[in-house]
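Worksheet: one structure, shown below.
The values are calculated or read from the model by the stated rules, or taken from the named source; none is laboratory data. Keep in mind it's a predicted model, so treat the numbers as computed, not measured. Backbone-built Cβ (ideal geometry, glycine too); neighbour counts: all protein chains shown.
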């Protein structure tokens, strides 16, 4: 819903009836993940996408019917030989959509969601998609940001259980469906709730203001990272050299991580591209003190061996050293800064999804797990 917010705000202000279709579940391969959304007005003005084009026309028809009937509905589109080039998904997967008329009331959750998205405050929206209270919503916010919960699904105990689960999903940056009993009982399927997490963008902290850094920052921005470039050398760490970065910091790695390290988590990455012991060692030691998901360090194998010896002398043990991806990146024969940037982000993606870097042509089974 994030990408639709401005249009929804405009339509609400104008009193234009609008329906929203959201991907709430996905089986097998699919072009869009849970949370992808499409909005359709009563005048057939369309924004967003739920399938990258495969079933958009059919979804528009469903959305207009929802507006006419004012009734929520679940719709499933999947692959079939007979309908593959009609309404089905030619990629072979199945998507489950929840369609509803858009109503920002009650509890003003829509305005609060917009405010939190603008300030990059962690927030999640839980919507009942099946069972009692279908369509009701619970907005769960970062507890340090004021009122932490807006709305209700109609049962106090269920509200409490949903809030607990939403906070776990939000911390991991995940969206998906949870099932409950009528009052929040586990392992029951009376109530189905779609949790849509709006976590802040993942962060990438790059140490070393070198040519490889500029290429990596550009690629990381394409993937949605918030990028910080840090180098203690003021002449190199400049906004002119790294205009694509969100922040350019002149400081030592350990000092910067002392400030921001506590906020780094499993979705974030630290890339150390300096391959200079006086920068690398304090950067690695400080990075390992965080909960960051990926730590990559550039350098040849000889540099890696020398750096490892220095890190051992600094007191690191084998378990800590095992967290490092060094030399950084995948072995794809990269030579230029741009090719190296691709190899690094490919390793980051594989690390975050738990996949080994093997060519798809050499594997079997589903592409997406």
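Which one of these is closer than 22 Å to residue 350 by Cα and either free of Cβ contacts under 8 Å to residues at least 12 places away in the same chain or assigned to a loop (DSSP other than H, G, I, E, B) (or both): 319, 305?
319
Suppose we filter 174, 178, 160 for residues that are surrounded by fewer than 18 Cβ atoms within 10 Å (Cβ to Cβ) and either in a helix (DSSP H, G or I) or in the same structural domain as residue 73 (by TED's automatic domain parsing) (or both); which single one remains?
160 is the lone residue from the list that is surrounded by fewer than 18 Cβ atoms within 10 Å (Cβ to Cβ) and either in a helix (DSSP H, G or I) or in the same structural domain as residue 73 (by TED's automatic domain parsing) (or both).
Among the candidates 264, 216, 256, 273, single out the residue that is over 19 Å from residue 345 (Cα atoms) and either touching a strand residue (DSSP E or B) at 6+ places or on another chain (Cβ under 8 Å) or touching a residue at least 60 places away in the same chain (Cβ under 8 Å) (or both).
Sole residue among the options that is over 19 Å from residue 345 (Cα atoms) and either touching a strand residue (DSSP E or B) at 6+ places or on another chain (Cβ under 8 Å) or touching a residue at least 60 places away in the same chain (Cβ under 8 Å) (or both): 256.
Just give me the residues in segment 236-289 being out of contact with any helix residue (DSSP H, G or I) (no Cβ under 9 Å at 6 or more places or on another chain), farther than 21 Å from residue 200 by Cβ and assigned to a helix (DSSP H, G or I), in sequence order.
278
Considering only residues that are over 16 Å from residue 77 (Cβ atoms) and surrounded by 19 or more Cβ atoms within 10 Å (Cβ to Cβ), which ones fall in segment 38-47?
39, 41
Name the one entry in 150, 113 that is farther than 22 Å from residue 63 by Cα, modelled with pLDDT of 85 or more and either within 21 Å of the chain's Cα centre (by Cα) or outside any strand (DSSP E or B) (or both).
Exactly one residue qualifies, and that residue is 113.
When the residues of segment 58-73 are narrowed to those that are under 27 Å from the mean Cα position of the chain (by Cα) and over 15 Å from residue 17 (Cα atoms), which ends up surrounded by the fewest Cβ atoms within 10 Å (Cβ to Cβ)?
73
For segment 322-342, enumerate the residues that are surrounded by fewer than 17 Cβ atoms within 10 Å (Cβ to Cβ), in contact (Cβ under 8 Å) with a residue 12 or more places away in the chain and under 20 Å from residue 268 (Cβ atoms).
323
Report yes if residue 293 is surrounded by fewer than 16 Cβ atoms within 10 Å (Cβ to Cβ) and under 19 Å from the mean Cα position of the chain (by Cα), otherwise no.
For residue 293, the condition - surrounded by fewer than 16 Cβ atoms within 10 Å (Cβ to Cβ) and under 19 Å from the mean Cα position of the chain (by Cα) - is not met.
Conditions tested, residue by residue: (1) more than 25 Å from residue 115 (Cβ to Cβ); (2) in contact with a strand residue (DSSP E or B) (Cβ under 8 Å, 6 or more places away or on another chain); (3) modelled with pLDDT of 90 or more; (4) in the same structural domain as residue 169 (by TED's automatic domain parsing).
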{"position": "14", "(1), (2), (3), (4)": "no, no, yes, no"}
{"position": "21", "(1), (2), (3), (4)": "no, yes, yes, no"}
{"position": "32", "(1), (2), (3), (4)": "yes, yes, no, no"}
{"position": "63", "(1), (2), (3), (4)": "yes, yes, yes, no"}
{"position": "87", "(1), (2), (3), (4)": "yes, yes, no, no"}
{"position": "90", "(1), (2), (3), (4)": "yes, no, no, no"}
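Looking for whichever is at pLDDT 95 or above and surrounded by fewer than 19 Cβ atoms within 10 Å (Cβ to Cβ) here; the options are 312, 250. Which one fits?
250
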